[in-house]
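Colleague: There's a structure below that I have some questions on.
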Amino acid sequence: MSPDELVYLGVLAASIPVGFLFRYLSPPVKQGAGLLLGLSLTIATCQIHALHSLVTVIGTWIIIKSTWRSAPALCLGWTFLYLLFFRLVTWFGLPAPTPFANAIQLLLTLKMVSLANEVQSYHLEKKKEVSSFSKSPVIGGLSAEPSLYDILSYSYCYVGIMTGPFFRFQTYVDWLRQPSPLTLPAVAPCLQRLKLVPVYGALFLAVNSVFPLGYVRTDDFLNDNFFFRLFYMTAVFFVFRMRFYAAWCAAEAGCISAGLGCYPEGAMSKSGGGPTVSYSPDPNAPEAYDFKTIQNIDCYNTDFCVKVRHGMRYWNMTVQWWLHHYIYPNSPFKAYVLRAGWTMFISAYWHGLHPGYYLSFLTIPLCIAAESAMEGSVRARLGPWGQSAFDWVHWFLKMRAYDYMCMGFVLLKAGDTVHYWTSIYFIIHVLAVGCIVLGRLTRGSKRGEKRGEKEEGKVEEMESKDKLKEGIRAKQD
């Protein structure tokens, strides 16, 4: 492990016992202590580069105070333009930021854009209340506009400051105002989230030692057998997954120990967003809680969901929520594949300026178009057994597609990525284009894509109904 990875490991390990101590603090003390600890971590790991995050926060506060109505768009532009400056600071003769400063800046960008949207919603709902003389029905809305101190406290809260997960300002406020944090579940859910972390960590170290990424960049790699070269991306993606499974599960445990994101199960919380329905618990029945609001990874579904589009839902889930709510709806395109492409482009930009990010993320829409075409042209014509076999093949190809795209994400440079993809003859691009062509020949591209999108919509609708039924049952029980 690199020195930077050891620092991340230390921060993750320390955040768990510290979180339990925060449950004993009153709201004002918790807010101040969280700010002090997070700011200390930022200064210790970023040093002078901590100023980048501070400038971002102050700029966002000025925008929100100046024009709350236009704040979401202006804050998105401000934070994303500052990301560009942040990554090009060496062009201006300034020292390059540390990796820790980059991690903090990424998460802070999400927080500031989300905050601007929350403040706008607060003012809009407040105006409605004044005009209609009734209380707003919005779930999880702010009760007051945050002060500069509130924004600084939220921005530099130690929980997940370098590792995530992302959480909204309202989630942070709910955490501060928890009436009895010591009675909320703590040890059991924390251990449940940590139980596989040693396994993920051991697998990461073991497989990474056998299949080092650097070997792909060598000329000797091209002399290996084609099937070995093809398998190598599977091993690299496995290492990649184990690393993030371990890190994100540990980061979630840090949130759980502090009680952040703890809501009643009946609130039907979503990763990143928090509660989605109003919920009044039965005072005569024991209350059940969950930490879905801060869940950032679903390891099982990441590996075993069938579709490429579904795979994105279970990976970095809080960031996916942010993209789905603040980027996808504002896409300049109407077609699902193009809107997905726009969202992936913004996601690539958020991650960085390395060409490998764009080569990887912009391959996702191609894969989505391919699976939509095949669902409409092939799967729809099969019987139950045929559809089951189709789904197994689909799952296998989905995993290989993510193996393939992962190489661009980790190799970063365009030359290294193309070098590897060339060594396996751009196999996923070829398969994806072939599936799209087959779909057009058998059903017509537009019809096939529409069918795939309709099926996707039905699945989402059924999932929402199932969750609603679960919430109703929870209330009845």
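The values are calculated or read from the model by the stated rules, or taken from the named source; none is laboratory data. This structure is a prediction, so every number in the text was calculated from the model and none was measured. No Cβ is skipped: glycine too gets one built from the backbone with ideal geometry, and neighbour counts run over all protein chains shown. Ligands, DNA and RNA are excluded from the accessible area calculation, which covers all protein heavy atoms including side chains. Shrake-Rupley method; radii C 1.70, N 1.55, O 1.52, S 1.80 Å.
Colleague: Give the separation of the Cα centroids, the stretch 261-319 to the stretch 374-389, in Å.
Modeller: 31
Colleague: Suppose every K and R has +1 on its Cβ and every D and E has -1 on its Cβ; what is the size of the dipole of the stretch 1-135 about the Cα centre, in Debye to the nearest 20? Each step should come with its number before you reach the end.
Modeller: Numbers: 10 positive and 5 negative charges, 114 e Å.
Here the size comes out at about 540 debye.
Colleague: Just how large is the dipole of the chain about the Cα centre, in debye to the nearest 20, putting +1 at every Lys and Arg Cβ and -1 at every Asp and Glu Cβ?
Modeller: On the way: 43 positive and 33 negative charges, 228 e Å.
For this selection, approximately 1100 debye.
Colleague: Please list R193, R381 in order of solvent-accessible area, largest first, computed with a 1.4 Å probe with all protein chains present. Each step should come with its number before you reach the end.
Modeller: Working: R193 60, R381 150 Å².
The ranking, largest first, comes out as R381, R193.
Colleague: Taking θ = phi - 60°, what integer Hz values does the Karplus form 6.51 cos²θ - 1.76 cosθ + 1.60 yield along the stretch 55-71, in sequence order, with x for Gly and Pro?
Modeller: Karplus-based 3J(HN,Hα) across the stretch 55-71 equals 4, 4, 5, 4, x, 5, 4, 4, 5, 5, 6, 7, 8, 5, 5, 9, 4 Hz.
Colleague: Can I ask one more? Per residue of the stretch 44-50, what does 6.51 cos²θ - 1.76 cosθ + 1.60 with θ = phi - 60° give for ³J(HN,Hα)? Whole Hz please, x for Gly and Pro, Karplus curve as stated.
Modeller: Listing the rounded values in order: 5, 8, 9, 6, 5, 6, 5 Hz.
Colleague: While we're on this one: Please say if the stretch 19-86 is rounded, prolate or oblate, where rounded means a/c under 1.5 for a ≥ b ≥ c the square roots of the C-alpha gyration tensor eigenvalues, and otherwise the choice is prolate for a/b larger than b/c and oblate otherwise?
Modeller: Numbers: a/c = 3.23, a/b = 1.53, b/c = 2.12.
Judged from the Cα gyration tensor, the stretch 19-86 comes out oblate (a/c at least 1.5, b/c at or above a/b).
Colleague: Under the Karplus relation 6.51 cos²θ - 1.76 cosθ + 1.60, θ = phi - 60°, what is the ordered set of whole-Hz ³J(HN,Hα) values for the stretch 229-237, x standing for Gly and Pro?
Modeller: 4, 5, 5, 4, 5, 5, 5, 5, 5
Colleague: Where does each of 15-21, 91-97, 270-276 land if you order them by average Cβ count within 10 Å, highest first?
Modeller: Working: 15-21: 17.0, 91-97: 11.4, 270-276: 21.9.
For the peptides 15-21, 91-97, 270-276, the packing ranking is 270-276, 15-21, 91-97.
Colleague: Putting +1 on Lys and Arg Cβ atoms and -1 on Asp and Glu Cβ atoms, find which of L12, V378, L35 reaches farthest to the positive end of the dipole of the chain.
Modeller: V378
Colleague: Give me, ordered by chain and number, the residues 5 or more places off D290 or on other chains with an amide H under 5 Å from its own placed amide H.
Modeller: Counting only residues 5 or more places away or on other chains, the set is Y263, E265.
Colleague: Name the long-range amide H neighbours of F211: under 5 Å, sequence gap of 5 or more, or other chain; modelled H, no Pro or chain starts.
Modeller: Long-range HN contacts for F211: none found.
Colleague: Can you give me the long-range amide H partners of I297? Hydrogens built in the peptide plane at 1.01 Å from N, cutoff under 5 Å, separation of 5 or more residues or another chain.
Modeller: Residues meeting the criterion, in which the H sits 1.01 Å from N, are M317.
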